[in-house]
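**Q** Dropping the structure in here first, questions after.
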Amino acid sequence: MIKASTLQPQDASFRQTVLAGDYFIHRIEAGQTLRILDLEGNQAADTLFYNADDPGERYSATDTIRAQGNVYLTAGSVLMTNENRPLLEIVADTCGRHDTLGGACATESNTVRYSLEKKCMHACRDSWMLAINEHEEYGLDKADITHNINFFMNVPVTAKGGLTFADGISDAGKYVELKALMNTIVLISNCPQLNNPCNAYNPTPIEVIVW
Ligand SMILES: [Zn+2]
């Protein structure tokens, strides 16, 4: 569902550009709104969310899909935790569809999906691991790296239930906006993937904006 926001970037309390291949970790408070902006188009922002006051409670794809009865995320989706409580709500979306089934790239999945020689290439899982190691203050460890959302990624489900990694439907300037329903840790890997045609083999920057 396409729904534009009325928030203006010049009124934001926080703005940061995240280069392709970099991570972003930040705490937002309940009631704040987070925008992830696809600056150049068809980028994937592989994102995890946690209850900042108890990081053992985190975003759950299965609870979210069950609660809304739909596998796609867009405006109106309420992101649920593994304790089946509302964590964030998508309040605006100019892309229209985001994936939470495909998982994130890892060096291991790169070898299966592409070729063995891709083992040493930078992957989202590495970026998340680096983030939690460089920011111990958030209290996250390896076991907390679980379900994620691939913002701006298009993974349609076929009539037979198959997953297809399709061409992106995002474009330069498209964004998704989420309102925090509890104090939230946001952990993003701005995907460094160089082997997937869905980003035209060209990972690009995103911007994160908070009101
Ligand atoms: Zn990735």
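The values are calculated or read from the model by the stated rules, or taken from the named source; none is laboratory data. Bear in mind that the values here come from a model prediction, so they are computed numbers and not experimental data. Ideal geometry is used to build each Cβ from the backbone, glycine not excepted, and the neighbour counts take in all protein chains shown. Heavy atoms of the whole protein, side chains included, go into the accessibility calculation; ligands, DNA and RNA do not. Shrake-Rupley method; radii C 1.70, N 1.55, O 1.52, S 1.80 Å.
**Q** For residues in segment 58-70 being surrounded by fewer than 17 Cβ atoms within 10 Å (Cβ to Cβ) and part of a loop (DSSP other than H, G, I, E, B), which is nearest to the chain's Cα centre (by Cα)?
**A** So, considering only residues that are surrounded by fewer than 17 Cβ atoms within 10 Å (Cβ to Cβ) and part of a loop (DSSP other than H, G, I, E, B), the one nearest to the chain's Cα centre (by Cα) is ASN70.
**Q** Tell me which of these ARG97 doesn't satisfy, since it passes every other one: (1) over 13 Å from the mean Cα position of the chain (by Cα); (2) open to solvent by 50 Å² or more (accessible area, probe 1.4 Å); (3) more than 16 Å from the ligand (Cβ to nearest atom); (4) modelled with pLDDT under 95.
**A** Looking at each condition in turn, ARG97 falls short on (1).
**Q** Please tell me if ASP53 is acidic (Asp, Glu), on the phi < 0 side of the Ramachandran plot and crowded, with 18+ Cβ neighbours inside 10 Å. So that I can check it myself, show each step before the final result.
**A** Working: acidic (Asp, Glu): yes; on the phi < 0 side of the Ramachandran plot: yes; crowded, with 18+ Cβ neighbours inside 10 Å: no.
No.
**Q** Scanning for something within 30 Å of ARG85 (Cα to Cα) and open to solvent by less than 70 Å² (accessible area, probe 1.4 Å), does segment 196-207 turn up at least one residue? Before the answer, list the steps.
**A** Of all residues in segment 196-207, those within 30 Å of ARG85 (Cα to Cα) come to 206-207.
In the following step, the residues that additionally are open to solvent by less than 70 Å² (accessible area, probe 1.4 Å) were identified as 206-207.
Yes, the conditions are met somewhere in segment 196-207.
**Q** Go through GLN43, GLN16, GLN10 for me and flag whichever is open to solvent by 60 Å² or more (accessible area, probe 1.4 Å) and either in contact with a strand residue (DSSP E or B) (Cβ under 8 Å, 6 or more places away or on another chain) or assigned to a strand (DSSP E or B) (or both).
**A** On inspection, the qualifying residue turns out to be GLN16.
**Q** Output the residues belonging to segment 171-190 that are open to solvent by less than 10 Å² (accessible area, probe 1.4 Å) and either assigned to a loop (DSSP other than H, G, I, E, B) or within 16 Å of the ligand (Cβ to nearest atom) (or both).
**A** Within segment 171-190, LEU187, ILE188, SER189, ASN190 qualify.
**Q** Okay, next question. Out of the residues in segment 141-169 meeting the condition of being closer than 21 Å to GLY56 by Cβ and over 17 Å from the mean Cα position of the chain (by Cα), tell me which one is surrounded by the most Cβ atoms within 10 Å (Cβ to Cβ).
**A** Top of the filtered list is ASP141.
**Q** I've got another one for you. Which count do you get for residues in segment 122-134 that are more than 9 Å from the ligand (Cβ to nearest atom) and open to solvent by less than 50 Å² (accessible area, probe 1.4 Å)?
**A** Residues that pass the stated criteria total 4.
**Q** Hey, among the residues in segment 42-57 that are within 15 Å of the chain's Cα centre (by Cα) and either of a type outside the set (Asp, Glu) or over 22 Å from PHE165 (Cα atoms) (or both), which one's nearest to the ligand (Cβ to nearest atom)?
**A** Of everything passing the filter in segment 42-57, ALA44 is nearest to the ligand (Cβ to nearest atom).
**Q** So which pairs qualify, if the first residue must be in segment 184-199 and at pLDDT 95 or above, the second must be in a strand (DSSP E or B) and within 10 Å of the ligand (Cβ to nearest atom), the Cβ gap must be under 9 Å, and the two must be at least 6 apart or on different chains?
**A** Listed pairs, sorted by first residue: ILE188/ALA45; ILE188/ASP46; SER189/ALA45; SER189/ASP46; ASN190/ALA45; ASN190/ASP46.
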